[in-house]
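One structure is given below, encoded as structure tokens.
The values are calculated or read from the model by the stated rules, or taken from the named source; none is laboratory data. Because the structure is predicted, anything quoted here is derived from the model rather than measured. All Cβ positions, even for glycine, are placed from backbone atoms using ideal geometry, and neighbour counts span all protein chains on display.
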Amino acid sequence: MQNNIIDKNDENPIPQSDHQEVLDIIFGRWRSQILYTGVVLGVFDYVKSDVKNTSDIANELLLDYELTYRLLRALGSLGFLKEEVNSQDGSSRFSLTPQGKLLTKDHTQSLRGITLLEEGPEHYAIWKHLPAMIKDGQQNAFLREYGYKIFDYAERNVDYARTFNQAMASYSAAQTTWVLEALEADNFSDVTHICDVGGGTGHLLSNLLMKYPHLRGTVVDLEPVTSKKEALLAHKLGVSDRCSYVSGDMFKEVPPADVYIMKMIIHDWNDDECVKILTNVHRASPKHARLFIAEHLIPGAEKPHFSKLFDIHMMCVSSGKERTSDEYSTLLQRSGWKYSQILHPRDATGVVQVIEAKKQPN
């Protein structure tokens, strides 16, 4: 029988499970900050190769022994480490769990960068502005806290820019998988050139070119991104002969292509800014062009969804937001595109969908 929290002023007692769920949310930041500390101190990368004694971890990482053990124990309680206690002397050894391996630098699906960004000092600080933003109707807590928009701040802060780029790389692995799955039904046999607008180092486009050998592609991004040749992925993934990087500003112009793709770009901007970007793409494109927008789509009121939480994050870091399919359809219509369909990844847990649009004649 389920225990209830009894309130003498309430005829309907609250189930204990509901009470616990609320507490879990209240204390949720404890978990993410404990995880962040483990990443910052290098725990996961040190432990990854073998089972380690607490003393070895503390000594190698130049940490206090007692406080280190308490941190490791907490990380074990969260499922990132496995603790083994020596029955003879009571000492503890720790090893990585599969979840813990995702926090190492060199894991192919590493979430280390996301942890450093989202729980780091910059993103931690901006959330205190959320009540005030909602009261006065002016979003972008990043601008309130630092006096710069997020991308301008990154240009002025090398450490933050490095962390931001690591996080984007972390996100890209999962997002690229979802986009490729969503596009599986399309073999792109009728096109030759695809342009990734705001494509960064080229993770998505390079994977598309690997899958479709007849395609050539162009990544368009700002000069600070495209000038870092050592970070660009086309060469590393073996498609540099079919992939070019162009320095450009999507608010001004983009090169012509048969197909355009934009992954996690539109949600950074408000409606008018989005229309300007999409209109520029429409202007550059031939009459047969198609457009794919990969984003978190907000579902109906009846469905809890990650996109509804990510939308508040966007409220804090930018002028943008997450949108419903109807809102995307309106943006496309305003900029000359015709909404076609929503494409979904095979993986039901994938939180990214792809909106397809076709060019409407002027």
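Going through the range 219-235 one residue at a time, which ones are among the β-branched types (Val, Ile, Thr) and either more than 20 Å from Met262 (Cα to Cα) or touching a residue at least 24 places away in the same chain (Cβ under 8 Å) (or both)?
Listed by number, the residues that qualify are Val219, Val220, Val225.
Being within 21 Å of Asp152 (Cα to Cα) and either at pLDDT 95 or above or more than 21 Å from the chain's Cα centre (by Cα) (or both) is the filter here; which residues of the range 230-253 pass it?
Matches in the range 230-253: Val246, Ser247, Gly248, Asp249, Met250, Phe251, Lys252, Glu253.
Out of Ser319, Ser329, Ser340, Ser335, report the one residue that is assigned by TED's automatic domain parsing to the domain that holds Asn140, within 22 Å of His282 (Cβ to Cβ), among the polar types (S, T, N, Q) and surrounded by fewer than 16 Cβ atoms within 10 Å (Cβ to Cβ). Steps first, please.
Details: Ser319 fails: surrounded by fewer than 16 Cβ atoms within 10 Å (Cβ to Cβ); Ser329 fails: surrounded by fewer than 16 Cβ atoms within 10 Å (Cβ to Cβ); Ser335 fails: surrounded by fewer than 16 Cβ atoms within 10 Å (Cβ to Cβ).
After ruling out the rest, the residue left standing is Ser340.
Among (1) over 28 Å from His203 (Cβ atoms); (2) free of Cβ contacts under 8 Å to residues at least 40 places away in the same chain; (3) of a type in the set (S, T, N, Q), where does Ser49 come up short?
(1)
Mind checking which residues of the range 119-155 are surrounded by fewer than 17 Cβ atoms within 10 Å (Cβ to Cβ) and within 17 Å of the chain's Cα centre (by Cα)?
Correct list: Tyr124, Phe151.
Looking at (1) surrounded by fewer than 16 Cβ atoms within 10 Å (Cβ to Cβ); (2) out of contact with any strand residue (DSSP E or B) (no Cβ under 9 Å at 6 or more places or on another chain), which is the only condition Phe310 fails?
Here Phe310 meets the rest and fails (1).
Any residue that is free of Cβ contacts under 8 Å to residues at least 60 places away in the same chain, among the aromatic types (Phe, Trp, Tyr), crowded, with 19+ Cβ neighbours inside 10 Å and not in a helix (DSSP H, G or I) - is there at least one of those in the range 276-296?
no
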